[in-house]
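Accompanying notes for the structure given below.
The values are calculated or read from the model by the stated rules, or taken from the named source; none is laboratory data. Computed from a predicted structure; not experimentally measured. As a convention, Cβ positions derive from the backbone with ideal geometry for all residues, glycine included, and neighbour counts pool all protein chains shown.
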Amino acid sequence: MTRVTVIGGGCIGVSVASHLVERDIDVRLLDKGYAAGETTGKAGGLIFSQLHEPADVRAMAYSLEFFRSLSERDNHFTFHESGFLRLGTEAERPVFEHEVAMQREAGADVRLVEPDEMGMIYPSLSLDGVTVGTYSPSDGYADPHTFTTTLLADAEANGLEYRPGTRVIDVTASESPSVTTEEGTIESDVVVIAAGPWSHRLAALADVDLPAKPYRAQALVTAPVGVDVGTVYDAHEGVYFRTTQDTGLLVGDGTEEVEADPDDYSRRADFDFLATMSETIERRLSAADVGVQNAWAGLCTATPDCFPLVGRPPFESGAEPRPDGLLVAAGLQGHGFMRSPAVGRAIAELICDDRPPVAEWRPTRFDDDPGDFEIEEMLTLEGKYHNLE
């Protein structure tokens, strides 16, 4: 039986492990902390197919069905299919029209909407200044921590060996790769690095220069506002928000487009972020005052072209990977939670069927060393389509 060691107990690592266990693979999952204890536990939980590239839209079809199926068969996890509305002005209309046509062709259930229809979708929403939007009734949200722990429990019941509190200190890439922890060395046939913002450091232990940069993103939860607005992204203001179970709102973005140290970054939300988001939400809900109950900052991981790194990495830019059993699943650009089912399936198909992931996700796609690169926030539309500007 193939032996696989997965490093990282967030939604990506757990999804990889779960998909492999379903294929009768012998899997050990290592985590320096505990499941969903870092990046995953701080995620906003949005699940949507309104993405910028066809490959991502098609991958999300699998993820959406995975979330629905898990929600139906396991009462610990709920996928809230609340719909997802993007708001824009005439400045965003060309991009919205372009993306809706592309997304529909790729199979997404999405349409262009005008203010009258938006008002019927979410009556509590103030549409001041909004002239156009896009809407998918099939999108929604879920709790990332609950998803990850539910999937982990299922995988453990099916034979997964889970080792929380296990810090990796070395990774050896060879014909028989191994992972060295503080407790000893684990021999494997395949090692999968799925450690979020720590992935580039773990890859470096195996002499792989992974083009990935961690960066901060921020979120807050408001006091109850008494309205249900499902899931909304204001493309003009650059803020997303969704209903919480106690009728408050989870509000996010606050992206800081500079590289962060995953072991030394501010986990507290900035005052400017809190003030700006509060003003935006008060305006969008026509509310006099929106109180903040909780706020935090977490990390996302960027790549040079905003596509994830899923598959066998090269040891030199432009070179083919050596058959050494080292795989990566990283660089999800802030959309790791909602794409985790598709990433888990991609890694399982690569290991079990030798089926490579989509070309846009392959770590070998960079012909030249990308070197230093600018971090780009994923949700924003600015600069995505220069031919439409």
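Can you spot a residue in segment 115-128 that is surrounded by 15 or more Cβ atoms within 10 Å (Cβ to Cβ), over 22 Å from Ser286 (Cβ atoms) and either at pLDDT below 95 or out of contact with any Cys (no Cβ under 7 Å at 6 or more places or on another chain) (or both)?
The answer is no; no qualifying residue exists.
From the list Val225, Val251, Val232, pick out the single residue that is part of a loop (DSSP other than H, G, I, E, B) and either closer than 16 Å to Glu377 by Cα or out of contact with any Pro (no Cβ under 7 Å at 6 or more places or on another chain) (or both).
It is Val225.
Tell me which residues, restricted to segment 43-78, are of a type in the set (A, V, I, L, M) and closer than 19 Å to Val100 by Cα.
First, the residues of segment 43-78 that are of a type in the set (A, V, I, L, M): 43, 46-47, 51, 55, 57, 59-61, 64, 70.
Correct list: Leu46, Ile47, Leu51, Ala55, Val57, Ala59, Met60, Ala61, Leu64.
Scan segment 241-273 residue by residue and report those that are within 17 Å of the chain's Cα centre (by Cα) and more than 28 Å from His200 (Cα to Cα).
Step one: of segment 241-273, the residues within 17 Å of the chain's Cα centre (by Cα) are 241-242, 250-257, 262.
The answer is Phe241, Arg242, Leu250, Val251.
Here's the yes/no breakdown for (1) closer than 28 Å to Ile47 by Cα; (2) free of Cβ contacts under 8 Å to residues at least 12 places away in the same chain; (3) buried (at least 20 other Cβ atoms within 10 Å of the Cβ):
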position: Pro137; (1), (2), (3): yes, no, no
position: Tyr141; (1), (2), (3): yes, no, yes
position: Glu156; (1), (2), (3): yes, yes, no
position: Ile169; (1), (2), (3): no, no, no
position: Thr172; (1), (2), (3): no, no, no
position: Pro177; (1), (2), (3): no, no, yes
position: Ser188; (1), (2), (3): no, no, yes
position: Trp198; (1), (2), (3): yes, no, yes
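Every residue in segment 66-114 that is in contact (Cβ under 8 Å) with a residue 40 or more places away in the chain, of a type in the set (D, E, K, R) and farther than 27 Å from Arg284 by Cβ, please.
Result: Asp74, Glu105.
If you check Ala101 against the conditions, is it among the small types (Gly, Ala, Ser) and either touching a strand residue (DSSP E or B) at 6+ places or on another chain (Cβ under 7 Å) or more than 13 Å from His52 (Cα to Cα) (or both)?
So Ala101 does not fit the description; no.
So, Ile47, is that one surrounded by 23 or more Cβ atoms within 10 Å (Cβ to Cβ), more than 22 Å from Thr231 (Cβ to Cβ), touching a Phe, Trp or Tyr at 6+ places or on another chain (Cβ under 9 Å) and not hydroxyl-bearing (Ser, Thr, Tyr) or not?
Details: surrounded by 23 or more Cβ atoms within 10 Å (Cβ to Cβ): yes; more than 22 Å from Thr231 (Cβ to Cβ): no; touching a Phe, Trp or Tyr at 6+ places or on another chain (Cβ under 9 Å): yes; not hydroxyl-bearing (Ser, Thr, Tyr): yes.
Judged against the criteria, Ile47 is not a match.
Quick check, is Leu70 among the aliphatic types (A, V, I, L, M), buried (at least 19 other Cβ atoms within 10 Å of the Cβ), under 28 Å from Asp116 (Cα atoms) and not assigned by TED's automatic domain parsing to the domain that holds Ser199? It would help to see each step written out before you state the result.
Details: among the aliphatic types (A, V, I, L, M): yes; buried (at least 19 other Cβ atoms within 10 Å of the Cβ): yes; under 28 Å from Asp116 (Cα atoms): no; not assigned by TED's automatic domain parsing to the domain that holds Ser199: yes.
So Leu70 fails the test.
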